[in-house]
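Please treat every number below as a calculation from the coordinates, not as lab data. Keep in mind that what you see is a predicted model, and the values were worked out from it rather than measured. As a convention, Cβ positions derive from the backbone with ideal geometry for all residues, glycine included, and neighbour counts pool all protein chains shown.
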């Protein structure tokens, strides 16, 4: 993210973060939680899962 912010500005960096978040949300179940953890780090928290389900997600 630093390179994007440095080269294109914080507006583009914010847009990129939001786009990544949207992609992650569409990649998991509606019951899972996707959140930004740090500058360019995200967490995916599965609220209920089976061993096979979590293996498939990874």
Exercise. Given the structure, is residue 17 surrounded by 11 or more Cβ atoms within 10 Å (Cβ to Cβ), assigned to a strand (DSSP E or B) and touching a strand residue (DSSP E or B) at 6+ places or on another chain (Cβ under 9 Å)?
Worked result: no
Exercise. Would you say residue 39 is surrounded by 10 or more Cβ atoms within 10 Å (Cβ to Cβ), outside any strand (DSSP E or B), out of contact with any strand residue (DSSP E or B) (no Cβ under 8 Å at 6 or more places or on another chain) and in contact (Cβ under 8 Å) with a residue 24 or more places away in the chain?
Worked result: yes
Exercise. Conditions: (1) outside any helix (DSSP H, G or I); (2) loosely packed, with under 14 Cβ neighbours inside 10 Å; (3) in contact with a helix residue (DSSP H, G or I) (Cβ under 8 Å, 6 or more places away or on another chain). Residue 34 meets all but one. Number of the miss?
Worked result: (2)
For this session: Assess whether residue 4 counts as being part of a helix (DSSP H, G or I) and in contact with a strand residue (DSSP E or B) (Cβ under 9 Å, 6 or more places away or on another chain).
Result: no
